[in-house]
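Each remark here refers to the structure printed beneath this line.
The values are calculated or read from the model by the stated rules, or taken from the named source; none is laboratory data. Just so we're clear, the structure is a prediction, and the values are computed from it rather than from any experiment. We place every Cβ from the backbone using ideal geometry, glycine too, and count neighbours over all the protein chains shown.
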C-alpha cells in the first residue's frame, strides 16, 4: 500500500506510534454514570426530580434495589438492598420498576460519545466504561480536557450527570471516578498515585471483597497504604498468587489493557416470575417470549447460534442448566423455542418455577448467507420472512408492539 | 474370590466394558462388575441405554464378584508391570486386591448384589456376519447419523433384514447413506429396528479386519451384538424411521465420474480458504468435460482448479458444504465415485462404480440466499 505524507494520520507525526508494550505512559479515562437508572427516570419524568427514586420494583415485591437517586441515598438506601428493606428505611421513596430498553438506548448513546475520542473503548457495564486516550491527546488535547469535554457532552446531549477519573491505568482511573461523586472529575498523576490512594480503605482495591478484607484487617492491614508498606513476599505467602497482584494494585500498578469488548459468546434472556408457578403452559408461554427476545437480539447482531441452553430455577433456588445442540445455526424464534421447550419438558419435575432463562451459544456471524438445504425441512424462508416483518414492526413501533398470540403478558 | 488373568486381556476388558461409564450419559453409572467363575473373568457395566460385558480367560481358584467404581480397574491395571495380574477378594470384604510383579493395589468396591441384571433378550431373530463386512457397512453409513436432538429417531441407525439381505441406513437430512450386504442366515425372521448412534459407534470400535462372525440377536426392545468375547446389549429407539427410498431421485441431469482421492484433495485445498460464514462452501462447475472446483472468502483468499473429467449430461453449477460432500466422497471404499445431479438445489447421489448396487449416499447442496 502506498502511503502519502499528506494522508498520514495526525497522531503519527510525533513518532509515538509504538507498540503498547514499549509505549509512553498510558492515559486512561474511566466514566461512571451517577445513579444511572434513577437519573434517567428523573430525566424522563420531571415530577420525580429532587425526590428519592428507587429503581428495582414495588416495595412489596421481592427483588433488590438496582439503583437509587442521591436523595434516596440520604435515607440509607443502597444498591443491592432488598426492596422491603429499602421501603423500611425510606417509606416516602418513589419505587419504580425500571425500563431496561430505555437504559440500554442511552447507554449506547453514551458509548457513541466516548467512541468519538478513541477507538480503544471498553464498556464494563451498562453505565460504566474505560477509554484509552494515550494516542488521542495529539488530536483532542490533554486527557483532562478530553474528560471535561465528554462530561459536558453527556450533560448537554443526554441530560445526565457522570463522574470521570483520569489516570495512568484502569485500576487508578476507576478509583478516581469514584472519589468525587456525583459530577466529579478526578485526575491521579503517576508520580503522586501511591500517596493519593494510600489513605483509602482496602476494599477499594479490585478483587478485595468482604472475605479478603476481613482476612487483611485481622492482620492489621486497614488501608491501601498499609499494604504498600507490607513485604510483598509475605503477602504472597498469606494470600497465595492473589497476594502479588494485590500488592501491585495497592502500589497503583496495573497493566491490563483497555480491550474492546470481546466478541459476543452467547445471547440470553431470563425472567423471574412474580409468583412461582408449576403450571407448564405458563412457563412455556414465558419461554416463547424469551426465545423471541433472544432471536431478536441475534438478528440485530447478525449472529446465529447452534447451542440452546435452558436455565431453570425452582422455588427453593436449586438451579439447573441444560443444553442441546441444533442441527444447524439459527436465529429464528421458533427454532430456539422448540429446542428450549423440549429441554423444559425433558427436565421439568413439577415443582414451582421461580426463574427461567434461555440462551444461545456457539455463535457465528452471518457471513455469506449460505444455507445448507435439507431433505426434510422446507427451506426456512417463511419463518425468515416472519422474523423480518416482526423486526421491522418492532423497529418502527417499539419492542412491545408485536408478539406471538401464545405469549401472555 | 481368587483368580489370575493376563494383564493385556484385563486392560482390554476393563476398557471395553468401561465404555458405558462415561460422564456423558445422563444416568448415574453403577460401576463395573467383576465376576470370576468357570475359568473366566467377566466385566460388565450398564447404563440406561446399553450394557457391555466382556469375558476373558482366567485361572479361577475361587469364584466371586464385586462392583468397582467407574474406571478404577482400567486405570490400575494399565500401570502394572507384570504379564499377569492376581486378583483377590477376601471372604466377607469388599476390597479387591490386585498383585502384579512387586506391586499390590487395594481397590475399594461395593457388593455385587445390587447390580442390575442384564436385560433378557426375547430373541425374535438371529443373524451373523463377518467382522470385516460389518465394519465396512458401518464405515459407509455411520458418518450420516444425525446429532440433532430435535429428531431423536435420526440419531439412530436403521437395521433392516429381509431374507438374505441386511441393510443399514443413516440420515440427518443433509445427507443419507444406505448400505446393503448379503447375509446368509437360514430361517432368520425379517426385522426393522433402530439402533442408538452411540451403540453403533461402540460396535464400530470393536470390529476388526477379520472373518470372525459377529452374532446379532434382535429382541422386542433390545438388540444384542456378540463380537468375539464382548457382548453389547442395547436398547432400541422407539418410533418410525423415515422411508429414505422415497427421497431417492430417479431422473438426473448430469453425471460425474471421478477418483475419490482426487476430489477429496481438491476439497481440502478449498477448505484452506473457505472459512467465512456458517458453512465452508465449495463450488463445483461442470461443463464440456471439465470440472472447476473453487472456493473463496473475503478474509482468507481463494482457490481455483480445473481438470478434465468424465461427465455426461447438462452443465451443472452447484454449491456444497465442504465437510458434508467430503464425507460422501470418503465413504466410497472401492473404485471411482459417480455423482449424479438432479439440479442446482436438488439432491445429488453418490455411488461406487465398482459396487453400484449395494451402496448409495445422498447429499443436499447449499444455496446462496
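Does residue B:332 meet the test of being within 12 Å of chain A (Cβ to nearest Cβ), within 21 Å of residue B:145 (Cα to Cα), touching a helix residue (DSSP H, G or I) at 6+ places or on another chain (Cβ under 9 Å) and not in a strand (DSSP E or B)? Answer is no for this residue.
Each row is one residue, and each column tells you yes or no for (1) in contact with a helix residue (DSSP H, G or I) (Cβ under 8 Å, 6 or more places away or on another chain); (2) surrounded by 15 or more Cβ atoms within 10 Å (Cβ to Cβ); (3) without any contact (Cβ under 8 Å) to a residue 60 or more places away in the chain.
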site	(1), (2), (3)
A:88	no, no, yes
A:106	yes, yes, no
A:110	yes, yes, no
A:120	no, yes, no
A:132	no, yes, no
A:149	yes, yes, yes
A:161	yes, yes, no
A:177	no, yes, no
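Would you confirm whether or not the stretch B:180-188 contains a residue that is in the same structural domain as residue B:150 (by TED's automatic domain parsing), within 18 Å of the chain's Cα centre (by Cα) and crowded, with 21+ Cβ neighbours inside 10 Å? No, because not a single residue in the stretch B:180-188 is in the same structural domain as residue B:150 (by TED's automatic domain parsing), within 18 Å of the chain's Cα centre (by Cα) and crowded, with 21+ Cβ neighbours inside 10 Å.
Report yes if residue B:284 is under 20 Å from residue B:174 (Cβ atoms), assigned to a strand (DSSP E or B) and within 11 Å of chain A (Cβ to nearest Cβ), otherwise no. Considered against the rule, which asks whether it is under 20 Å from residue B:174 (Cβ atoms), assigned to a strand (DSSP E or B) and within 11 Å of chain A (Cβ to nearest Cβ), residue B:284 comes out as no.
From the list B:297, B:361, the one residue that fits, being touching a helix residue (DSSP H, G or I) at 6+ places or on another chain (Cβ under 6 Å), within 14 Å of chain A (Cβ to nearest Cβ) and at pLDDT 95 or above, is B:361. Of the candidates A:373, A:312, A:344, the single residue that is closer than 24 Å to residue B:151 by Cβ, more than 14 Å from chain B (Cβ to nearest Cβ) and surrounded by 15 or more Cβ atoms within 10 Å (Cβ to Cβ) is A:312. Filtered by the rule that a residue be within 19 Å of residue B:154 (Cβ to Cβ) and at pLDDT 90 or above, the stretch A:308-334 gives a lone residue, A:308. Looking at the stretch B:310-319, can you tell me whether even one residue there is surrounded by fewer than 17 Cβ atoms within 10 Å (Cβ to Cβ), more than 14 Å from chain A (Cβ to nearest Cβ) and under 25 Å from the mean Cα position of the chain (by Cα)? No, the stretch B:310-319 has no match at all. All of (1) part of a strand (DSSP E or B); (2) touching a strand residue (DSSP E or B) at 6+ places or on another chain (Cβ under 8 Å) hold for residue A:327 with one exception: (2). Scanning the stretch B:168-194 for residues that are out of contact with any helix residue (DSSP H, G or I) (no Cβ under 8 Å at 6 or more places or on another chain) and under 17 Å from residue B:221 (Cβ atoms) gives B:189, B:191, B:192, B:193.
Taken across the stretch B:103-117, residues that are in contact (Cβ under 8 Å) with a residue 12 or more places away in the chain, surrounded by 20 or more Cβ atoms within 10 Å (Cβ to Cβ), in contact with a strand residue (DSSP E or B) (Cβ under 6 Å, 6 or more places away or on another chain) and part of a strand (DSSP E or B) do not occur at all.
Looking at the structure I just gave you, is residue B:41 at pLDDT 90 or above, in contact with a helix residue (DSSP H, G or I) (Cβ under 8 Å, 6 or more places away or on another chain) and farther than 30 Å from residue B:332 by Cα? In short, yes.
Which residue, of B:56, B:61, is modelled with pLDDT of 85 or more and surrounded by 15 or more Cβ atoms within 10 Å (Cβ to Cβ)? Reasoning before the result, please.
Values: B:61 fails: surrounded by 15 or more Cβ atoms within 10 Å (Cβ to Cβ).
Checking each option against the conditions leaves just B:56.
Is there a residue in the stretch B:118-132 that is more than 28 Å from residue B:216 (Cα to Cα), at pLDDT below 90 and surrounded by fewer than 18 Cβ atoms within 10 Å (Cβ to Cβ)?
No, the stretch B:118-132 contains no residue that is more than 28 Å from residue B:216 (Cα to Cα), at pLDDT below 90 and surrounded by fewer than 18 Cβ atoms within 10 Å (Cβ to Cβ).
Restrict the check to the stretch A:285-303 and report whether at least one residue is closer than 30 Å to residue B:174 by Cβ, assigned to a strand (DSSP E or B) and within 12 Å of another protein chain (Cβ to nearest Cβ).
We begin by selecting, within the stretch A:285-303, every residue closer than 30 Å to residue B:174 by Cβ; these are A:287-288, A:290-303.
Checking which are assigned to a strand (DSSP E or B) leaves us with A:303.
Next cut, within 12 Å of another protein chain (Cβ to nearest Cβ) only: A:303.
Looking through the stretch A:285-303, at least one residue is closer than 30 Å to residue B:174 by Cβ, assigned to a strand (DSSP E or B) and within 12 Å of another protein chain (Cβ to nearest Cβ).
One residue stands out in the stretch B:134-144 among those that are surrounded by fewer than 20 Cβ atoms within 10 Å (Cβ to Cβ) and under 30 Å from residue A:340 (Cα atoms): the one that is nearest to the other protein chains (Cβ to nearest Cβ), namely B:143.
Restricting to the stretch B:335-355, count the residues that are more than 14 Å from chain A (Cβ to nearest Cβ) and over 22 Å from residue B:368 (Cβ atoms). Before the answer, list the steps.
Of the residues in the stretch B:335-355, the ones more than 14 Å from chain A (Cβ to nearest Cβ) are B:335-340, B:350-355.
Filter once more, keeping what is over 22 Å from residue B:368 (Cβ atoms): B:335-338, B:340, B:350-355.
Adding up the residues that qualify gives 11.
Does residue B:140 satisfy the condition of being at pLDDT below 95 and not assigned by TED's automatic domain parsing to the domain that holds residue B:11? Spelling it out, it is not the case that residue B:140 is at pLDDT below 95 and not assigned by TED's automatic domain parsing to the domain that holds residue B:11. Scan the stretch B:239-265 for residues that are more than 14 Å from chain A (Cβ to nearest Cβ), free of Cβ contacts under 8 Å to residues at least 24 places away in the same chain and assigned to a loop (DSSP other than H, G, I, E, B) and the total you get is 1. Where strands (runs of 3 or more DSSP E) fall wholly inside the stretch B:168-223, the ranges with 2 or more residues that are within 14 Å of another protein chain (Cβ to nearest Cβ) are B:175-182.
Among the residues of the stretch B:147-167, write down those that are assigned to a loop (DSSP other than H, G, I, E, B) and surrounded by 15 or more Cβ atoms within 10 Å (Cβ to Cβ).
Restricting attention to the stretch B:147-167, the residues satisfying the condition of being assigned to a loop (DSSP other than H, G, I, E, B) are B:147-151, B:163-164.
Result: B:148, B:149, B:150, B:151.
Look at the stretch A:378-406: where a residue is modelled with pLDDT under 85 and a partner is surrounded by 14 or more Cβ atoms within 10 Å (Cβ to Cβ) and in a loop (DSSP other than H, G, I, E, B), sitting 6+ places away or on another chain with Cβ atoms under 6 Å, you get A:383/A:332.
What do you reckon, is residue A:398 under 21 Å from residue A:267 (Cβ atoms), loosely packed, with under 14 Cβ neighbours inside 10 Å and in contact with a helix residue (DSSP H, G or I) (Cβ under 9 Å, 6 or more places away or on another chain)? Quick ask: steps written out before the conclusion?
On the way: under 21 Å from residue A:267 (Cβ atoms): yes; loosely packed, with under 14 Cβ neighbours inside 10 Å: yes; in contact with a helix residue (DSSP H, G or I) (Cβ under 9 Å, 6 or more places away or on another chain): yes.
Considered against the rule, which asks whether it is under 21 Å from residue A:267 (Cβ atoms), loosely packed, with under 14 Cβ neighbours inside 10 Å and in contact with a helix residue (DSSP H, G or I) (Cβ under 9 Å, 6 or more places away or on another chain), residue A:398 comes out as yes.
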